[in-house]
1. Can you name the condition, by its number, that ALA107 falls short on among (1) touching a residue at least 12 places away in the same chain (Cβ under 8 Å); (2) part of a strand (DSSP E or B)?
2. Of all residues in the range 80-101 being of a type in the set (A, V, I, L, M) and part of a strand (DSSP E or B), which is farthest from ASP353 (Cα to Cα)?
3. Which residues, counting only those in the range 260-311, are touching a helix residue (DSSP H, G or I) at 6+ places or on another chain (Cβ under 7 Å), modelled with pLDDT of 95 or more and in a loop (DSSP other than H, G, I, E, B)?
4. If a residue must be within 30 Å of LEU292 (Cβ to Cβ), open to solvent by 40 Å² or more (accessible area, probe 1.4 Å) and either in a strand (DSSP E or B) or charged (D, E, K, R) (or both), how many such residues does the range 179-215 contain?
5. Scanning for something aliphatic (A, V, I, L, M) and more than 20 Å from ASN138 (Cβ to Cβ), does the range 203-213 turn up at least one residue?
6. Determine whether the range 163-177 contains at least one residue that is within 30 Å of PHE286 (Cβ to Cβ), open to solvent by 10 Å² or more (accessible area, probe 1.4 Å) and modelled with pLDDT of 95 or more.
7. Identify the single condition in (1) over 18 Å from the mean Cα position of the chain (by Cα); (2) in contact (Cβ under 8 Å) with a residue 60 or more places away in the chain; (3) at negative phi that GLU115 does not satisfy, given that it satisfies every other one.
8. Among GLU97, GLU68, GLU83, which is the only one that is more than 23 Å from SER167 (Cα to Cα) and either touching a helix residue (DSSP H, G or I) at 6+ places or on another chain (Cβ under 7 Å) or open to solvent by less than 30 Å² (accessible area, probe 1.4 Å) (or both)?
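The values are calculated or read from the model by the stated rules, or taken from the named source; none is laboratory data. All of these numbers come straight from a predicted model, not from anything done at the bench. So basically every Cβ, Gly included, is an ideal-geometry build from the backbone, and we count neighbours across all protein chains shown. Each accessible area value is taken on the protein alone, full model and side chains, heavy atoms only, with ligands, DNA and RNA left out. Shrake-Rupley method; radii C 1.70, N 1.55, O 1.52, S 1.80 Å.
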Amino acid sequence: MASGKPMMQAFVDALTAPLTEKEKYKGPPTEPQPVASRFLGPDTEENLQQLFIDNDWTDYHPVTLPTEERVARMLEGTTHEPEEVIKVLDWPGGKREVTVERVAICAVMSGAKPEHLPVILALANHIPFGNSTSSMANMILVNGPIRDEIGMNYGHNVMGPHNLANSVIGRSYTIMSKTIGGLHSKKTTWSTLGSTMQYNNVCIAENEEALPEGWKPFHVQAGFKPSDNVLTVATGWSYISSVMEAQRENPVHMWMGDYMKSLTMASASIIMDPSVAELLKDTYGFKTKEQLIKWFSENIEKKVYPHAQTTTHFPESSINIIVTGGGGQTTWFVTDFMLNRNMVTMGGSTLIDNWR
């Protein structure tokens, strides 16, 4: 039935509308999988590492073997009971409970420390990660004081392999999705090319301290308090790096807008160095993130699909601005990761403080 709306806007509206009772029907109940033993038999470390590989329980880097002692130590990072159920998965990857203990096991495997566990438990609410037949990837964003408590990087090399917390939290998402979530190649995921970003899932923290005056952190925009510790998960396909640094003589928001036209979806999350944010505020007058988002929504159009004549605007609710990095160069990334400030489907935010 024709809606009279641009095609992409009609898709977005249909995908974000509440489910009808008919749409909520999942079909006949899925039989739960047999309960597996909590323990493996004793063996050499080499054989156990191979066992984990053979069962596709890893990202094919060596894991820290989750001994009973190591898991018990990890569980000291939360007040929640090991048998507590975080969520129940019921999808083609299998029907199984996501328990605190299972998450702690994956945290150990990932190389995490007990202080990382509340963040990883919050992240467990979002497994398995998004994947598709193309090259879908994921992004994990952390806001709040916990960034410093656990030593996350939000300065220089924020997206590089230079920080323990960023690395192991991002890695845990992959390991949880494969072991608890049942995400396995050519069984429950059929991506033709895949994405190297799924190793770490672009796990970053926002540089809240470097935000220009008047620019709110992402979690405050989403309705949380500045003192709240919040984890947000996003899923997308496109990831475009700026070719050169921004300069005062060239309106950087117009460059960003040109990049946005190439994105797969009618959503955009722009990740920028603090120096770019300062430039946008001081030189071009964007006193808040909301003003910049409004400009993008009103001025940038993209084709609903590559060869179409019809264009569509980006809804304000689908545009996000993330400020992170060390301030060393005025560079940015334009992505279509769907960081939904309204916490609708395809991502959403979880309060880390609930998992301490």
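1. Looking at each condition in turn, ALA107 falls short on (2).
2. The first filter runs over the range 80-101 and keeps only residues of a type in the set (A, V, I, L, M), leaving 85-86, 88-89, 98, 100.
Among the residues that remain, those that are also part of a strand (DSSP E or B) are: 85-86, 88-89, 98.
Working: VAL85: 17, ILE86: 14, VAL88: 21, LEU89: 23, VAL98: 19 Å.
Residue satisfying both the conditions and the ranking: LEU89.
3. Hits for the range 260-311 are PHE286, LYS287.
4. 2
5. Here is the first cut: in the range 203-213, the residues aliphatic (A, V, I, L, M) are 204-205, 210-211.
Okay, now just the ones that are also more than 20 Å from ASN138 (Cβ to Cβ), so 210-211.
For the range 203-213, residues aliphatic (A, V, I, L, M) and more than 20 Å from ASN138 (Cβ to Cβ): present.
6. yes
7. Of everything listed in (1) over 18 Å from the mean Cα position of the chain (by Cα); (2) in contact (Cβ under 8 Å) with a residue 60 or more places away in the chain; (3) at negative phi, GLU115 misses just condition (2).
8. Details: GLU97 fails: either touching a helix residue (DSSP H, G or I) at 6+ places or on another chain (Cβ under 7 Å) or open to solvent by less than 30 Å² (accessible area, probe 1.4 Å) (or both); GLU68 fails: either touching a helix residue (DSSP H, G or I) at 6+ places or on another chain (Cβ under 7 Å) or open to solvent by less than 30 Å² (accessible area, probe 1.4 Å) (or both).
When all the criteria are applied, what remains is GLU83.
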